[in-house]
Amino acid sequence: MMKHASPWMVVCVAGLVLGCGGPPEDPPSEVPEGQQDALISQTLIRALPDGTLSQETTFITRAEQRAQIEAREALFRNRGEGVTQQDLDDLAIDGGCAGSSLWLFDQPARRGRQLCLYKQAGAPVAWLDLGTVTRYWDGVRFVRWSGAVRSLWSGVHPGSLMYCTATLCYASPYQNFNANQPMDTLTASASQLNWAYLYDP
């Protein structure tokens, strides 16, 4: 079943197409020779103050990724012990992925390549076409994040993964998530999910 996009979604989509476009098409950084199996690519998408998007890919070890996960768990555990919403908002502009709004992974159980999404401070909603974001280069073509998400961990913003075209979003499949929710597997048909959506709680 298909539903028509609401007017604000059309505005958001038009803004992405006309105002900020997609992330740059630069190839990901080269993995050091002999370390392909030891390193995990981590891509950071950030909304800039002028409305454009920046994309940066780095490579981290599994141990570094586990340390980020542990730091995130500690942050959310301690929210009732003096960590304020302002602290969380400040972390959302960190240069790493530790305080990002949404972590997406291309393997179950929050493993594999990682995409970190930030929502522009003050923006009521944020949309991203995952088909515009490079996941890796396979030697022949750029492989995108569209249909690749297998697990996630949301940050301070709830949202959804869904299947959309340029003008329509479908009622199914979709994957909703709450703020600060780890999800080791997706219940929706993950191979069809191609847009990420975040909103203020």
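The values are calculated or read from the model by the stated rules, or taken from the named source; none is laboratory data. Here the structure is a predicted model, which is why all the values come from computation and not from measurement. We place every Cβ from the backbone using ideal geometry, glycine too, and count neighbours over all the protein chains shown. For the accessible areas, the whole protein counts, side chains as well, though only heavy atoms, and no ligand, DNA or RNA atoms are used. Shrake-Rupley method; radii C 1.70, N 1.55, O 1.52, S 1.80 Å.
Overview of values
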{"quantity": "Under 5 Å, built H, 5+ apart or other chain: amide partners of Arg144", "calculated": "Arg135"}
{"quantity": "Leu102 long-range amide H proximity, modeled H, under 5 Å", "calculated": "Leu117, Gly155"}
{"quantity": "Accessible area (Å², 1.4 Å probe, nearest 10) - Phe177", "calculated": "10 Å²"}
{"quantity": "Stretch gain in nm, segment Asp184-Asp138, where the contour uses 0.36 nm per residue and the Cα spacing is subtracted", "calculated": "14.0 nm"}
{"quantity": "Computed label-point distance, nm, for sites Ile69 and Ala166 using a 7 Å Cα→Cβ extension", "calculated": "3.9 nm"}
{"quantity": "Near-label residues of segment 144-161 by backbone N, under 13 Å of a point 7 Å along Cα→Cβ of Gln107", "calculated": "150-151"}
{"quantity": "Thr185 - accessible surface, heavy atoms, 1.4 Å probe, Å² rounded to 10", "calculated": "90 Å²"}
{"quantity": "For Leu193, distant residues with modelled amide H under 5 Å away", "calculated": "Gly147"}
{"quantity": "From phi via Karplus (6.51, -1.76, 1.60), per-residue ³J(HN,Hα) for segment 178-191 in Hz, x at Gly/Pro", "calculated": "8, 5, 6, 10, x, 9, 6, 9, 9, 7, 7, 6, 4, 5"}
